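Notes for the one structure printed next.
The values are calculated or read from the model by the stated rules, or taken from the named source; none is laboratory data. Everything quoted here is computed from the prediction, not taken from an experiment. In this analysis, Cβ positions are derived from the backbone assuming ideal geometry, glycine residues included, and neighbour counts consider all displayed protein chains. Remember, those area values only see protein heavy atoms, side chains included, never the ligands or the DNA or RNA. Shrake-Rupley method; radii C 1.70, N 1.55, O 1.52, S 1.80 Å.
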Amino acid sequence: MKVSEHWLNEWVDLPNDIQETTETLTMLGLEIEAIQRAAPPFTGVIIAEIIACKPVEQSDHLHITTVATSDHNTVQVVCGAPNVHIGAKIPFAQINAKLPGNITIKEVTLRGIISYGMLCSACELGLPKEEDNGLMLLPKDAPVGEDIRHYLNLNDTILDISITPNRADCLSIMGLSRELSLKYPSKTIPINLNTKSSITTKTIKSIHIADPDACPIFMTRIFENLELSQSIPIWMKNRLMRAGIRPTNPVTDITQYVMLELGQPLQAYDATHIPNALHIRYSQTNEKLTLLNQETIHLKPDTLLVCHEESPVGLAGIMGGLNTCVTNKTTCIILESAYYKPTVLAGKARSYGLSTETAHRFERGVDPQLVEKALERASALILQLCQGHCGPINRIETTHAIPKPLPISFRYHKIESTIGTSIPPNKMNTFLTKLGCKSQRIDDHSQSVLPPSWRVDLLTEIDLIEEMIRIQGYQTLPETKKIHYHHTTPLTNTQQSQQSIAHYLISRGYSEAINFSFIDPLWQQQINPDLQPIQLTNPIASDLSVMRTSLIPGLLKTVQYNQKRQQSHLRLFERGQCFFKKSDTIVYENRLSAIIYGSRYPENSANPFHASDFYDLKGDLESLMRLTNSDTLFQFEQGKHAAMHPGQTAQLLKQGNPVGYIGSIHPLVLKKLAIKGPIYTFELNDDALDIEPCNPFKTISKYPTIRRDIALFVNQNITSAQIITHIKQVAGPWLVNIFTFDAYTGNSTAAQQKSLAFALMWQHPNRTLKDDEINEIFNTISSYLKEKLDAILRN
């Protein structure tokens, strides 16, 4: 927010040193982003009036002018500006004047005519242009002979202040002066609110508010017989322009001025287009509105509108419509001052690609007590500068919906325990009074504090303590060493699991990736085409417009980025949230995903290139399961996933419940995403790898193991995992290991069959097993597999 130092100085007695003022604002929590001069240094420029003007012979643009520099002095000046004319009052640079750019004005001869100075444009003085070209024209009442710097207040300084979102009360001169008055003496500013002499009886016949909770206060006033052909006074124009607002017409300029002065946005409408009634309602399907910036927008269903009967005339609290805009030819207006609930307007302007000062204030919360005061202030200025008459205020107030500050219990000892030093109660009461708070004693150790209506950010005791520190001064806090005993609580199984998994994957050569939770809808469609993602209302980019339903698109995007930079060995993992919509509720799931691409190991002389494959990733996943003591709870079975190769995809089950997938990304998906393959990935629910209770300690057996190999012919649809599960059911408690060591499908096998060979190992903890015992178990296994899976022993 840009503000004039001189304007602030009318409200608060500021020091002469601007640096001291800026340091004070900074220590009060208002960061200064920039300090600018209202105009660059120059001297010798006064106000002059052109009293004679004639063209120079044989020139198509030069004029000989006679300018009055005082009541008795005139000088001759040659000027080439297209807008030079008799009666114009302009800045005149006298002989020896120093202009920006190190220019010194001297007596010169043009076309044989002596020129004793220069008539100046705004650009030549380093000021913003008001006209497309030509001289800077001053108001007719500008005093001839006065120094232009004094007349335009060009020795002013512009402060660009960063206001945090919670301090909407500082988005005005009045609000900033309240803050500065915490440190400096404040001044009594007589604000003209007198409109009684021009009151008529005309009002709007009907105002209806569809949702009083969204707009609990709505006030209007009608003005008639206005004269808007004249511009606003130079002092008001300068203040607007130094705040970054370009003047347009008197009524609009006054509403902007009052918003800067008091902090309450106002909206003016041409009353000839709204003769009967106003209706504040939400938008309907297929409605359109052309705004003041001449942009036509398609209205979204939850947008609050100001309407004439059923036709929208403006986005409530954001911007008015073009059809009802006030121009210099307007004679009758409706002036609106309202309070809109911040949550109703939050993000609405951005959803239409708009950014307005009005929306900026309403979204953060304005003072509901300002609505009528701002309307009266604007009314008085309009009547003063535009003449005319105004009707009474037409007001609608829904009392229960108007936000009211709630009392806060403030305990004195909390200050010392929070900041390490105490503040006397009488001093605290002084600070609270300066803030506009009302206090009521509860007992000797606490009081009840009621914040002012403009401080919507004061909600809890800690907020008041922060205010005490702010006013006291952060630099006054003593340096103390305070010992705090921090009692930690044990990590939950989930927290331990998350830490262990991250460290373990990093130790196996993976790097952790952190991607946005929103992704490109095209990538989402490739990975999870059957899931409808949640659309963002106001995405930061078109390729980041939906919430992710899987971590895989983000990891694939990272792989693509690295492939373009010639990385041939990638191992990445990510833990994050995926988002889904169930009914009208948004839910999320914590997921863990990993991806591998390229060589198995970083290439060097000891490691020739070996491409990573499915079993590399599966081995890493199984080692994670063993890390969390849960490997015996998981099973792999053949599965299907829209983004994975149908022959290289497995579904992961934990105690029979699906928890994730592992597989190779389908080549067609990789081709559409312009990624080189093969790429292998897994994704599973994060809580599936929670650390399970440790198995009880068992003494390591000193007795030998016995191995038996079993080779089987089985149907091709039967998986190794199914066979291993059945073997474990009858192999007895001494089975310590089982694995597949051969798989064959060829001419020697029958149609629709394959050969699988397994190694089984037994070991007894207390004795050496006998061959007869193992042979009996082996025969039982063979019979069981024949019965359950129709498996045939291979000779």
Of the listed residues (220, 248), the one being among the hydroxyl-bearing types (Ser, Thr, Tyr) and not in a strand (DSSP E or B) is 248
Of the candidates 713, 697, the one satisfying the condition of being closer than 20 Å to residue 638 by Cα, among the aromatic types (Phe, Trp, Tyr) and not in a helix (DSSP H, G or I) is 713
Next on the checklist: Looking for something outside any helix (DSSP H, G or I) and either of a type in the set (Phe, Trp, Tyr) or in contact with a Pro (Cβ under 8 Å, 6 or more places away or on another chain) (or both) - is there at least one such residue anywhere in region 373-387?
Outcome noted: no
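Each row is one residue, and each column tells you yes or no for (1) touching a His at 6+ places or on another chain (Cβ under 9 Å); (2) open to solvent by 30 Å² or more (accessible area, probe 1.4 Å); (3) closer than 30 Å to residue 159 by Cα.
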position	(1), (2), (3)
252	no, yes, yes
264	no, no, yes
273	yes, yes, no
293	no, yes, yes
The strands (runs of 3 or more DSSP E) lying wholly within region 94-169 that contain at least 3 residues that are open to solvent by 50 Å² or more (accessible area, probe 1.4 Å) and at pLDDT below 95 are 108-110
Looking across region 599-631 at residues that are open to solvent by less than 40 Å² (accessible area, probe 1.4 Å) and of a type in the set (A, V, I, L, M, F, W, C), the single one that is farthest from residue 501 (Cα to Cα) is 614
Taking first residues from region 532-551 that are in a helix (DSSP H, G or I) and second residues anywhere that are open to solvent by 70 Å² or more (accessible area, probe 1.4 Å), the pairs with Cβ under 8 Å that are 6 or more apart or on different chains are 543/522; 544/516
Test: residue in region 584-595 that is assigned to a strand (DSSP E or B), open to solvent by 10 Å² or more (accessible area, probe 1.4 Å), under 16 Å from residue 663 (Cβ atoms) and not basic (Lys, Arg):
no
Within region 745-795, residues under 18 Å from residue 733 (Cα atoms), open to solvent by less than 90 Å² (accessible area, probe 1.4 Å) and without any contact (Cβ under 8 Å) to a residue 40 or more places away in the chain come out as 773, 775
Of those in region 351-362 that are part of a helix (DSSP H, G or I) and in contact with a Ser or Thr (Cβ under 9 Å, 6 or more places away or on another chain), the residue nearest to residue 236 (Cα to Cα) is 361
Of the residues in region 670-706, those that are closer than 14 Å to residue 559 by Cα, of a type outside the set (Gly, Ala, Ser) and in contact (Cβ under 8 Å) with a residue 12 or more places away in the chain come to 673, 675, 676, 678, 679, 680, 681
### Task
Kindly check whether there is at least one residue in region 391-399 that is open to solvent by 70 Å² or more (accessible area, probe 1.4 Å) and of a type in the set (Ser, Thr, Tyr).
yes
By residue number, the members of region 384-401 that are over 18 Å from residue 266 (Cα atoms), touching a strand residue (DSSP E or B) at 6+ places or on another chain (Cβ under 8 Å) and not small (Gly, Ala, Ser) are 389, 398
**OP:** Would you check if residue 415 is closer than 22 Å to residue 26 by Cα, open to solvent by less than 60 Å² (accessible area, probe 1.4 Å) and in contact with a helix residue (DSSP H, G or I) (Cβ under 6 Å, 6 or more places away or on another chain)?
**Re:** no
Of (1) surrounded by 15 or more Cβ atoms within 10 Å (Cβ to Cβ); (2) in contact with a Ser or Thr (Cβ under 8 Å, 6 or more places away or on another chain), residue 539 fails just (1)
Of those in region 182-206 that are open to solvent by less than 30 Å² (accessible area, probe 1.4 Å) and touching a strand residue (DSSP E or B) at 6+ places or on another chain (Cβ under 8 Å), the residue modelled with the highest pLDDT is 204
Per the list (1) modelled with pLDDT of 90 or more; (2) within 29 Å of the chain's Cα centre (by Cα); (3) open to solvent by 30 Å² or more (accessible area, probe 1.4 Å); (4) of a type in the set (Ser, Thr, Tyr), residue check on residue 507 breaks on (2)
Within region 70-112, the residues that are within 16 Å of residue 140 (Cα to Cα) and hydrophobic (A, V, I, L, M, F, W, C) are 84, 86, 88, 90, 92
Picking from 700, 727, 738, the residue that is at pLDDT 85 or above and open to solvent by 40 Å² or more (accessible area, probe 1.4 Å) would be 700
Scanning region 703-719 for residues that are crowded, with 16+ Cβ neighbours inside 10 Å and of a type in the set (Ser, Thr, Tyr) gives 719
Counting only residues in region 209-255 that are out of contact with any Asp or Glu (no Cβ under 8 Å at 6 or more places or on another chain) and of a type in the set (Phe, Trp, Tyr), the one nearest to residue 141 (Cα to Cα) is identified as 235
Among residues of region 418-451 being touching a residue at least 60 places away in the same chain (Cβ under 8 Å) and of a type outside the set (A, V, I, L, M, F, W, C), the residue nearest to residue 264 (Cα to Cα) is 436
Per the list (1) free of Cβ contacts under 8 Å to residues at least 60 places away in the same chain; (2) on the phi > 0 side of the Ramachandran plot, residue check on residue 81 breaks on (2)
